[in-house]
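Encoded as structure tokens, the structure appears first; notes follow it.
The values are calculated or read from the model by the stated rules, or taken from the named source; none is laboratory data. Just so it is clear, the model here is predicted, and its values are computed rather than measured. Cβ placement follows ideal geometry from the backbone for every residue including glycine, while neighbour counts extend to all protein chains displayed.
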Amino acid sequence: MARKQKQVGGKREGAGRKPGRHGAKVTLATRISEDVKAFLESTGNASQTVDETVRKTKAFREWLKARK
């Protein structure tokens, strides 16, 4: 018997959770050292830690400004 897939966003147009203020998240696979992995795991939310840390860098802010 086939399992019915759970609907998260509803059937009507525009229903569901909207992306955050920085847009939708994408999955990224990358290689990091073991100590960085251990640190990220200790933070409780690795993706949020990486996102916030990168956004605080001067290089990212300059890149973002040049992109607009």
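May I ask you to list the residues in region 36-57 that are within 19 Å of R21 (Cα to Cα) and over 14 Å from the mean Cα position of the chain (by Cα)?
Selection gives K56, T57.
Quickly run through region 26-68 and pick out the residues that are out of contact with any His (no Cβ under 9 Å at 6 or more places or on another chain) and acidic (D, E). Explain how you work it out, then say what you get.
Looking only at region 26-68, we keep the residues that are out of contact with any His (no Cβ under 9 Å at 6 or more places or on another chain), and these are 26-50, 52-54, 56-68.
Once the filter is applied, which keeps residues that are out of contact with any His (no Cβ under 9 Å at 6 or more places or on another chain) and acidic (D, E), region 26-68 yields E34, D35, E41, E52, E62.
Yes/no per residue for (1) touching a helix residue (DSSP H, G or I) at 6+ places or on another chain (Cβ under 9 Å); (2) modelled with pLDDT of 95 or more; (3) not in a helix (DSSP H, G or I):
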position	(1), (2), (3)
Q5	no, no, yes
K11	no, no, yes
R17	no, no, yes
T27	no, no, yes
I32	yes, yes, yes
D35	no, yes, no
S47	yes, no, no
R61	yes, yes, no
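Would you be able to tell me the number of residues in region 17-38 that are surrounded by 10 or more Cβ atoms within 10 Å (Cβ to Cβ) and either touching a residue at least 12 places away in the same chain (Cβ under 8 Å) or on the phi > 0 side of the Ramachandran plot (or both)?
The qualifying residues number 1.
Would you check which residues across region 49-59 are surrounded by fewer than 10 Cβ atoms within 10 Å (Cβ to Cβ) and in a helix (DSSP H, G or I) and list them?
K58, A59
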